[in-house]
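First up is the structure itself, then whatever we jot down about it.
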Amino acid sequence: MPKVSKDKGSAWNAREAITFLRSARAHRLYAAGVLVLVLGLRRGEILGLRRQDVDFEAGQFTPVKQVQRVKGVGLVLKNLKTKSSQAVLPLPEFCARASEERRELQKLERKIAGEHWA
């Protein structure tokens, strides 16, 4: 098989990031976008983030888990690979606010879904 070269891509500048966040504001995954842009978390870390890993009062969180795709199994929650990956990170007010808004939206979604919530 021929080798596929991976595009390095380029980081967004501040204007592009703000434009993205403004356009994604009403999306249910807006909080994930905020955390990715502000804190630089990877997709697996965002998907593995749990409420119990966040200390809103102290304004910090500790990523502990990540979601990975396992061949023949699907998506699984796994521990982060290294101890340095589990460092306590600051949770800026902007991120905390987006996360809390997501929590409220999720409560509404759960209420609407009723017994069909999964």
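Read the figures in this text as sums done on the coordinates, not as results from a lab. Note that the coordinates shown come from a computational prediction; the quantities given were computed from them, not determined experimentally. Neighbour counts run over all protein chains shown; Cβ positions are idealised from the backbone, glycine included.
Tell me which trypsin sites (Lys or Arg not before Pro) from the stretch 13-64 have a DSSP coil assignment and no more than 16 other beta carbons within 10 Å of their own.
Those that pass, being in a loop and sparsely packed, are R25, R28, R42, R50.
From the helices alone, meaning DSSP H stretches of at least four residues, give me the mean residue ellipticity at 222 nm for the chain, per-run term -39500 (n - 2.57), in deg cm²/dmol to the nearest 500.
-12500 deg cm²/dmol
Within the stretch 72-118, report the trypsin sites (Lys or Arg not before Pro) that DSSP leaves as loop and that have at most 14 other Cβ atoms within 10 Å.
For trypsin sites (Lys or Arg not before Pro) across the stretch 72-118 that sit outside H, G, I, E and B with at most 14 neighbouring Cβ atoms in 10 Å, the list reads K81.
Can you spot the aspartates and glutamates whose alpha carbon is less than 19 Å from K65's alpha carbon? Ignore those fewer than 8 places along the same chain.
E45, D53, D55
Enumerate the whole-percent occupancy of each 10 Å bin, from 0 to the last occupied one, for all C-alpha pair distances of the stretch 14-111.
The percentages, shortest bin first, are 15, 44, 34, 8, 0.
Among Q66, L105, F56, which residue has its Cα furthest toward the positive end of the charge dipole of the stretch 14-111, with +1 on Lys/Arg Cβ and -1 on Asp/Glu Cβ?
The residue sitting farthest along the positive end of the dipole is Q66.
Between L80 and residues 5 or more places away or on another chain, which pairs have amide H atoms under 5 Å apart, with H built 1.01 Å from N, and which residues are they?
Those qualifying (amide H under 5 Å, at least 5 residues apart or on another chain) are K65, Q66.
Could you work out which residue, out of S23, S84, S99, moves most in a Gaussian network model of the chain, that is, has the largest mean-square fluctuation with Cα springs under 10 Å?
Greatest mean-square fluctuation among the candidates belongs to S84.
Ignoring the sites themselves, what is the longest stretch of the chain with no chymotrypsin sites (Phe, Trp or Tyr not before Pro) in a DSSP loop and at most 15 other beta-carbon atoms within 10 Å?
Within the chain, the longest run free of exposed chymotrypsin sites (Phe, Trp or Tyr not before Pro) spans 57-116.
Per-residue HN-Hα couplings for the stretch 40-47, Karplus 6.51 cos²θ - 1.76 cosθ + 1.60 at θ = phi - 60°, whole Hz, x for Gly and Pro?
Once rounded to whole Hz, the list reads x, 6, 7, 4, x, 5, 4, 5.
Sequence-distant or interchain residues sharing an amide H contact under 5 Å with Q60, placed H: which?
It is D55, L91, by chain and number.
How big is the dipole moment of the chain about its Cα centre under a simple scheme where the beta carbon of each Lys and Arg is +1, that of each Asp and Glu is -1, and everything else is neutral? Debye, nearest 20, please.
600
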